[in-house]
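Every read-out reported here was derived from the displayed coordinates using simple, explicitly stated rules and does not represent laboratory data. In this text the structure is predicted, and so the values were computed from the model without any measurement. Methodologically, a virtual Cβ is constructed for each residue, glycine included, from the backbone with ideal geometry; neighbour enumeration extends over all protein chains shown.
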Amino acid sequence: MRIIAVGRIRERFWQEAAFYYIKRLAPYTRLDVVEVREGDPFKEGREMLSHLSGGITVALDEHGECMSSLELASWIQRRIIEGCGCISWLIGGPEGLSQEILNRSDLQLSLSRMTFPYQLARIILLEQLYRAFRIIKNEPYHR
């Protein structure tokens, strides 16, 4: 798994939340986090594309497909069984993702119809990935 995100998490509370879920994900999957510089969406998109190395690309977008936690876990499990390689999760900055990124993605996923700051979107994604792996392993996930 790889998260490619625009911007650095500067606030300590977001950093701690991200570290918490990255640590909890460690027994389930290898996770790389790549941060690209904030700029215009086109430049951000170009830099994001340079970090893709095959596999499946998921773009987080407010207009994307909505899934429940169980559906996301099932989607991830199917990709693992298919041997898809790396799943890259792309998180845009304040202006969102470029059209080039959206066109390149295999899946556009909405975390909610609400709009979140990109730092919070990263935390939500990390938590949902952790929850998905707990579901896949038939471990309690509601806590």
Expressed as a rounded percentage, what relative contact order does segment 2-50 have, with Cα pairs under 8 Å and six or more residues apart? 53
Note on segment 1-86: alpha-carbon gyration tensor, axes a ≥ b ≥ c; rule is a/c under 1.5 for rounded, else prolate if a/b larger than b/c, else oblate; result oblate
GNM flexibility winner over the chain from M48, M114, M67 (Cα, springs under 10 Å): M114
What are the ³J(HN,Hα) couplings of segment 100-110, residue after residue, when phi is run through the Karplus curve with 6.51, -1.76, 1.60 and θ = phi - 60°? Round to Hz, x for glycine and proline. 4, 5, 4, 5, 7, 6, 7, 8, 9, 10, 9
What is the sum of charges, Lys and Arg at +1 and Asp and Glu at -1, for the other residues whose Cβ falls under 15 Å from the Cβ of G39? -3
Between the modelled labels at A26 and D106 (7 Å from Cα along Cα→Cβ) the distance in nm is 2.8
Quick check on the exposure proxy: order L25, L70, L49 from fewest to most C-beta atoms within 10 angstrom. L70, L49, L25
Measuring from its Cα centre, segment 1-57 shows a charge dipole (+1 at each Lys and Arg Cβ, -1 at each Asp and Glu Cβ) which, in debye to the nearest 20, is 200
